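Structure record follows, encoded as structure tokens.
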Amino acid sequence: MDHLLSPSILTANFANLQKDIEMLNQSEADWMHVDVMDGVFVPNISFGFAVIKSIKQLAQKPLDVHLMIIDPDRYLEDFKNAGAAIITVHLEACTHLNRTIQKIKELGCKAGVAINPHTPVALLEDIIEEVDLVLIMSVNPGFGAQKFISNTYKKIKNLKTLSELRNPNLYIEIDGGVDQNNAALLINAGANVLVAGNAVFSASSPGSAISKLKHLEKALS
Ligand code: DX5
Ligand code: ZN
């Protein structure tokens, strides 16, 4: 399948989110990536349910909600009610990950698991068949516009091998420092969903930055 693009609204203009959501609606973006941070799991706080509900009212694309919060089970239903189509939790934040994933699926959402840069893909072996999506963090979570960690390529290849054997429809999503320079390499390594915050919202034309990140054929050949 062609790869998907999920622009992260973390770098959007919070004084005028409507404008940026409408830009995403008109763009070639596939999903909208919504980063939730609790100030405990990561050293930053982003936004909560009221903001996500407001985004949902305007968004014409699925909300891809990335929870960087401890003990996410407490809030899964609230995120579903706020408008999440995909809910991704961190492996490092879940004591009973299998239970959390089942709960997300029971709510009718697609279920994802995210791993930090230091967490090996091998730790996914006993959950890979249960999830719809694996998010590989290519920066340490907490902030937009950080430098891409190149160890990610090896992890994508390992995950691609695992998914071919055990879950061929898996979404392999890469989050952090994705830009024009590495996007094609990430897709070549096996990724099929790219998150991009800074590369989209800091561009002079976010719509054409999205278009370039969607059409990588030249770079791939
Ligand atoms: C980081 C977030 C990312 C971030 C990506 O903690 O999970 O989604 O917003 O932003 P860029 O593309 O700017 O690295
Ligand atoms: Zn994210």
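The numbers here are math on the coordinates, done by the rules we state, and not lab data. It should be emphasised that the depicted structure is a prediction, and the values quoted were computed from it without experimental measurement. Neighbour counts are summed over all protein chains in view; Cβ atoms, including those assigned to glycine, are modelled from backbone coordinates with ideal geometry.
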Find how much the distance from Ser150 to Gln57 grows on full extension, using 0.36 nm per residue of separation minus their present alpha carbon separation; answer in nm with one decimal.
29.8 nm
Testing the spin-label approximation: label points 7 Å from Cα along Cα→Cβ at Asn13 and Thr95. State their distance in nm.
4.5 nm
The chain: longest segment with zero exposed GluC sites (Glu not before Pro), where exposed means DSSP loop plus at most 13 other C-beta atoms within 10 Å, is residues 1-124
For a quick check of your reading of the filter: which chymotrypsin sites (Phe, Trp or Tyr not before Pro) in the stretch 1-107 sit in a DSSP loop and have no more than 13 other Cβ atoms within 10 Å?
Phe14
Per-bin percent of Cα-Cα distances, the stretch 1-141 [5 Å]:
2, 10, 21, 23, 21, 15, 7, 2, 0
Hey, with R₀ at 35 Å, roughly what FRET efficiency would Glu217 and Thr119 work out to, going by the Cβ-Cβ distance, to 0.05?
0.60
For the stretch 112-129, take each phi angle, set θ = phi - 60°, evaluate the Karplus expression 6.51 cos²θ - 1.76 cosθ + 1.60, and give the result in whole Hz per residue in order, putting x for glycine and proline.
x, 10, 10, 10, 6, x, 8, 8, x, 4, 4, 5, 8, 3, 9, 10, 4, 6
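Just to verify a number: FRET efficiency for Asp78 and Asn44, C-beta to C-beta distance, R0 = 22 Å, to 0.05? Write down the numbers at each step before the final one.
Working: r = 20 Å, r/R0 = 0.91.
The computed FRET efficiency comes out at 0.65.
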